[in-house]
1. Calculated from DSSP H runs of 4 or more alone, at -39500 (n - 2.57) each and per residue, what is the 222 nm mean residue ellipticity of the chain, nearest 500?
2. Given Tyr80, Phe3, Gln35, which one lies farthest toward the positive end of the charge dipole of the chain, if we put +1 on the Cβ of every Lys and Arg and -1 on the Cβ of every Asp and Glu?
3. Would you give the gap between the C-alpha center of region 28-54 and the C-alpha center of region 1-22, rounded to a whole Å?
4. Could you work out how much longer the chain between Tyr32 and Asn4 gets when fully extended? Use 0.36 nm per residue separation minus the Cα distance between them, nm to one decimal.
5. How would you order 34-44, 9-19 from highest to lowest mean count of nearby Cβ atoms within 10 Å?
6. Rg(Cα) of the chain divided by 2.2 N^0.38 Å?
Amino acid sequence: MLFNNIIEKRIVKDGAHRSVLEMPADDYNKVYNGQYSEEIALQIINHHFERRGDDGRPTDIQIEYEDDSDMVKIYANVNYLGNDHTRYGRR
């Protein structure tokens with residue numbers, strides 16, 4: 001699962017980080033056939049963070065398909081405080 005067309009937007013408000021990943025629905029559906037779940041979204045965001053070397057820990061993950069723009073968006077809060085180095089579930 002490698003998405004090269006991800007756009008990431010970050011919002012920081014009062015020290016709280018929020019990330020939004022956007023990708024074309026066509027790219028997403030080539031891998032996931034129109035299935036949308038928090039588990040899939042977690043896999044995508046963890047992989048994206050790992051590729052960037054981002055040590056944030058995503059929580060409160062939501063995924064949605066926007067019909068008008070034909071984009072898939074993944075929303076997550078990103079926690080940094082008190083983190084040990086994130087291992088993204090790999091050992």
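All of the numbers you see were taken from the coordinates with simple rules; none came from a lab. All values derive from a computational prediction rather than experimental measurement. Here the Cβ positions follow ideal geometry from the backbone for every residue, glycine too, while neighbour counts run over all protein chains shown.
1. -8000 deg cm²/dmol
2. The listed residue farthest towards the positive side: Tyr80.
3. So the separation of the two Cα centres works out to 12 Å.
4. Extending this stretch completely gives an extra 8.5 nm.
5. Those peptides, ordered most packed to least, come out 34-44, 9-19.
6. That ratio works out to 1.07.
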